[in-house]
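Colleague: Provided herewith is a single structure, encoded as structure tokens, for subsequent inquiry.
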Amino acid sequence: MKKIACILAIVLLFACVQEDHFGLSPYGNIKKFLVSNQAGNAVIDADNLLVTVEIPGGVELTKLVIQEISLSSFATANVAAGDVIDLSDDATITVTAEDGSMHVWTVKSFVASATPQLANGDLNAWYKTSSGYYEPGADAASTIWGTGNPGTQILGKTATTPYDLGEGNKAARLLTYDLGLAGIPLKTPIAAGSLFTGYFDSDKLDPTDPEAAVIFGTPFTGRPEKIRFKYSYVPGAVNKDRNGNVLDYDDNCDIYALLEVRLGGTVQRLGTAWFRSDANQPELMTKEIEVVYGPLDNSYPDYMRGDNVHFVPADSAAYMLPTHISFVASSSYAGAVFAGAVGSELIIDDVEMVYEEE
């Protein structure tokens, strides 16, 4: 147990330093940028000091609010979260590095598509991390996808990996692993494969709570009618709880999408699409799940309605646009509480938003 704690401490220490340097840091980069009503992840070009953001048509560009701005370690900027920015024309942000050097960034906006898709929804792009394992996306700076791998790779396990379908086509393979002796002290016997829109914040790493370090969601402003994807699922042979008790039901995969409105520090759920299944499906098949807008009544399962969820009222849900989407997939639906069947395998590919035909 002491060994695990030491490993985690080392991981957390290195997670705090974003860029290596000697002496005063010369780095003055914008690492993350988010304004109100932004439709997708900002595209950040550090070589040209350029940030490009998508804004839905009809949004007033002169009074956008900066919701998040993340900089190089030890750098400061002439704007902060909560400030108003005018993107009706190009705007500038001055970032001052620790060594006093000034870096003038340009921020541009363009009109977003009314029918957006998730970047790298086909899951063909994967990049190699500095620790040697692979994560979905072209690179760490631009990807909208996260996995639980940063939390489990310190124990030698990567539960989410690229899966080669041949002819240059890749998918994501999510596998529920036995953590063996490493999981005994903290009663964390398994690690379920996970894939989600968002990112893993190593500063919040808690080996007893897999979701503590997960920041779900990515900016998104579409209103899809359905979510379409390809999947296969083979549940493991023996489903157990975190105490090792055999459960009288099979493991399930979980694949769902939540459309949310995040404004002024509050989060309301606008749309819900959910697929949970224990069916043995060894071959890839196409699945579509309906997006239900507004509150969910008692005809829907408890897991879809959630606890203490604030829904957008039905009258507003009929027309409101989301600000974020949380798409989540897991090889064991109760993996967050360390319940599942070792060997449960979920393959997922080609995640697509389906819109009504005009």
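The values are calculated or read from the model by the stated rules, or taken from the named source; none is laboratory data. It should be emphasised that the depicted structure is a prediction, and the values quoted were computed from it without experimental measurement. For neighbour counting, all protein chains shown are included, and Cβ atoms are generated from backbone atoms with ideal geometry for every residue, glycine included. Heavy atoms of the whole protein, side chains included, go into the accessibility calculation; ligands, DNA and RNA do not. Shrake-Rupley method; radii C 1.70, N 1.55, O 1.52, S 1.80 Å.
Colleague: Mind checking which pairs have a first residue in region 304-326 that is more than 18 Å from Glu290 (Cα to Cα) and a second that is acidic (Asp, Glu) and outside any loop (DSSP other than H, G, I, E, B), Cβ under 7 Å, 6 or more apart or different chains?
Modeller: Thr323/Glu260
Colleague: Is at least one residue of region 306-326 touching a helix residue (DSSP H, G or I) at 6+ places or on another chain (Cβ under 9 Å), part of a loop (DSSP other than H, G, I, E, B), open to solvent by 20 Å² or more (accessible area, probe 1.4 Å) and closer than 27 Å to Leu186 by Cβ?
Modeller: Taking every residue of region 306-326 in turn, none turns out to be touching a helix residue (DSSP H, G or I) at 6+ places or on another chain (Cβ under 9 Å), part of a loop (DSSP other than H, G, I, E, B), open to solvent by 20 Å² or more (accessible area, probe 1.4 Å) and closer than 27 Å to Leu186 by Cβ.
Colleague: Would you say Phe229 is within 18 Å of the chain's Cα centre (by Cα) and open to solvent by 30 Å² or more (accessible area, probe 1.4 Å)? Give the steps one after another, and end with the answer.
Modeller: Values: within 18 Å of the chain's Cα centre (by Cα): yes; open to solvent by 30 Å² or more (accessible area, probe 1.4 Å): no.
Answer is no for this residue.
Colleague: If you check Thr176 against the conditions, is it of a type in the set (S, T, N, Q) and within 28 Å of Ala119 (Cα to Cα)?
Modeller: Numbers: of a type in the set (S, T, N, Q): yes; within 28 Å of Ala119 (Cα to Cα): yes.
When the stated conditions are applied, Thr176 passes them.
Colleague: How do the strands (runs of 3 or more DSSP E) wholly within region 61-171 filter down when requiring 1 or more residues that are closer than 30 Å to Glu211 by Cβ and modelled with pLDDT under 95: which remain? Working first, answer last.
Modeller: Working: elements: 64-71, 91-96, 102-111, 126-128, 134-136, 160-166.
The strands (runs of 3 or more DSSP E) meeting that bar are 64-71.
Colleague: Select from region 331-358 the residues that are within 17 Å of the chain's Cα centre (by Cα) and over 20 Å from Lys187 (Cα atoms) and list them in ascending order. Reasoning before the result, please.
Modeller: Step one: list which residues in region 331-358 are within 17 Å of the chain's Cα centre (by Cα), which gives 331, 333, 335-336, 348-353.
Matches in region 331-358: Ile348, Asp349, Asp350, Val351, Glu352, Met353.
Colleague: Which pairs have Cβ atoms under 9 Å, sit 6 or more apart or on different chains, and link a residue in region 196-207 that is basic (Lys, Arg) to one that is at pLDDT 70 or above?
Modeller: Pairs that qualify, where the first residue is basic (Lys, Arg) and the partner is at pLDDT 70 or above, are Lys204/Ala212; Lys204/Ala213; Lys204/Val214; Lys204/Ile215.
Colleague: Consider only pairs whose beta carbons are under 6 Å apart and that are at least six residues apart or on different chains; among these, list those whose first residue lies in region 177-195 and is hydrophobic (A, V, I, L, M, F, W, C) and whose second residue is modelled with pLDDT of 90 or more and open to solvent by 40 Å² or more (accessible area, probe 1.4 Å).
Modeller: Matching pairs, first to second residue: Ala191/Tyr177.
Colleague: Related question: From the list Gly271, Gly340, which one is at positive phi, modelled with pLDDT of 95 or more and either hydrophobic (A, V, I, L, M, F, W, C) or buried (at least 19 other Cβ atoms within 10 Å of the Cβ) (or both)? Give the steps one after another, and end with the answer.
Modeller: Values: Gly271 fails: at positive phi.
Result: Gly340 is the single residue among Gly271, Gly340 that is at positive phi, modelled with pLDDT of 95 or more and either hydrophobic (A, V, I, L, M, F, W, C) or buried (at least 19 other Cβ atoms within 10 Å of the Cβ) (or both).
Colleague: While we're here: Given the criteria in contact with a strand residue (DSSP E or B) (Cβ under 6 Å, 6 or more places away or on another chain), modelled with pLDDT under 90, crowded, with 19+ Cβ neighbours inside 10 Å and of a type outside the set (Phe, Trp, Tyr), does Gly57 qualify? Show your work before the answer.
Modeller: Details: in contact with a strand residue (DSSP E or B) (Cβ under 6 Å, 6 or more places away or on another chain): yes; modelled with pLDDT under 90: yes; crowded, with 19+ Cβ neighbours inside 10 Å: no; of a type outside the set (Phe, Trp, Tyr): yes.
When the stated conditions are applied, Gly57 does not pass them.
Colleague: Within region 93-119, work out how many residues are surrounded by 18 or more Cβ atoms within 10 Å (Cβ to Cβ) and either among the hydroxyl-bearing types (Ser, Thr, Tyr) or without any contact (Cβ under 8 Å) to a residue 40 or more places away in the chain (or both).
Modeller: Total meeting the criteria: 1.
Colleague: Can you name every residue in region 278-298 that is open to solvent by 20 Å² or more (accessible area, probe 1.4 Å) and in a strand (DSSP E or B)?
Modeller: Once the filter is applied, which keeps residues that are open to solvent by 20 Å² or more (accessible area, probe 1.4 Å) and in a strand (DSSP E or B), region 278-298 yields Gln281, Pro282, Glu283, Leu284, Met285, Thr286, Lys287, Glu288, Glu290, Val292, Tyr293.
Colleague: Only one of Ala192, Ala237, Ala213, Ala182 is hydrophobic (A, V, I, L, M, F, W, C) and open to solvent by 60 Å² or more (accessible area, probe 1.4 Å). Can you tell me which?
Modeller: Criteria check complete, one pass: Ala237.
Colleague: Further, regarding this structure: Test Tyr163 against the criterion of being open to solvent by 40 Å² or more (accessible area, probe 1.4 Å), among the hydroxyl-bearing types (Ser, Thr, Tyr) and either out of contact with any Lys or Arg (no Cβ under 9 Å at 6 or more places or on another chain) or farther than 20 Å from Glu345 by Cβ (or both), and give yes or no. Before the answer, list the steps.
Modeller: Details: open to solvent by 40 Å² or more (accessible area, probe 1.4 Å): yes; among the hydroxyl-bearing types (Ser, Thr, Tyr): yes; either out of contact with any Lys or Arg (no Cβ under 9 Å at 6 or more places or on another chain) or farther than 20 Å from Glu345 by Cβ (or both): no.
No; evaluated as a whole, the condition is false for this residue.
Colleague: Tell me yes or no: at least one residue of region 254-264 is within 30 Å of Leu205 (Cβ to Cβ), among the basic types (Lys, Arg) and either open to solvent by 20 Å² or more (accessible area, probe 1.4 Å) or in a strand (DSSP E or B) (or both). It would help to see each step written out before you state the result.
Modeller: Going residue by residue through region 254-264, those that are within 30 Å of Leu205 (Cβ to Cβ) are 254-264.
Still in the list and also among the basic types (Lys, Arg): 262.
Still in the list and also either open to solvent by 20 Å² or more (accessible area, probe 1.4 Å) or in a strand (DSSP E or B) (or both): 262.
For region 254-264, residues within 30 Å of Leu205 (Cβ to Cβ), among the basic types (Lys, Arg) and either open to solvent by 20 Å² or more (accessible area, probe 1.4 Å) or in a strand (DSSP E or B) (or both): present.
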